[in-house]
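The next block holds one structure in the form of structure tokens; read it before the comments.
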Amino acid sequence: MSATLMLDPNLAEKARNAAARSGKSFNEVIHAALRAGLDQILAAPVAKPYRTIPRLMGLRQEFSYDNISDLIATAEREDYP
């Protein structure tokens, strides 16, 4: 496939320098650069790890922590037998 690209003069100069240093043709350098750039653009972004900061909540003296169902009922303000 043939296409015409309009390159900025500084990009064209960089491509010519890269072709001269690598011994490859101008077209090979442009193709390699496009492949590398498109691969980077299409790659999924790396997600930052999610971290939580643990905090000491402490125990409240008015609650009994021995019976979880009573504790949940008290927290939800239900009448629990």
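Here, each number is a calculation from the coordinates, and none is a lab measurement. These numbers were taken from a predicted model, which means no experiment stands behind them. As a convention, Cβ positions derive from the backbone with ideal geometry for all residues, glycine included, and neighbour counts pool all protein chains shown.
Which length gain, in nm to one decimal place, applies between residue 32 and residue 66 when the Cα-Cα distance is subtracted from 0.36 nm times their residue separation?
Length gained, residue 32 through residue 66: 5.6 nm.
Multiply the residue gap between residue 10 and residue 25 by 0.36 nm, knock off their C-alpha separation, and tell me the result in nm, one decimal place. Kindly include the intermediate steps, with their values, before the conclusion.
Details: separation 15, 0.36 × 15 = 5.40 nm, distance 1.76 nm.
Gain in length upon complete extension: 3.6 nm.
Which trypsin sites (Lys or Arg not before Pro) in the chain pass both tests, a DSSP loop state and at most 15 other beta-carbon atoms within 10 Å?
Sites meeting the loop and neighbour criteria: 24, 51, 55, 60, 77.
Convex hull over the Cα atoms of the chain, averaged projected area in nm²?
13.9
Run through region 5-81 and list the chymotrypsin sites (Phe, Trp or Tyr not before Pro) located in a DSSP loop whose Cβ has at most 16 other Cβ atoms within 10 Å. Intermediate results must be reported in sequence, preceding the final value.
Numbers: sites: 26, 50, 63, 65; in loops: 50, 63, 65.
Loop-located and lightly packed - 50, 63, 65.
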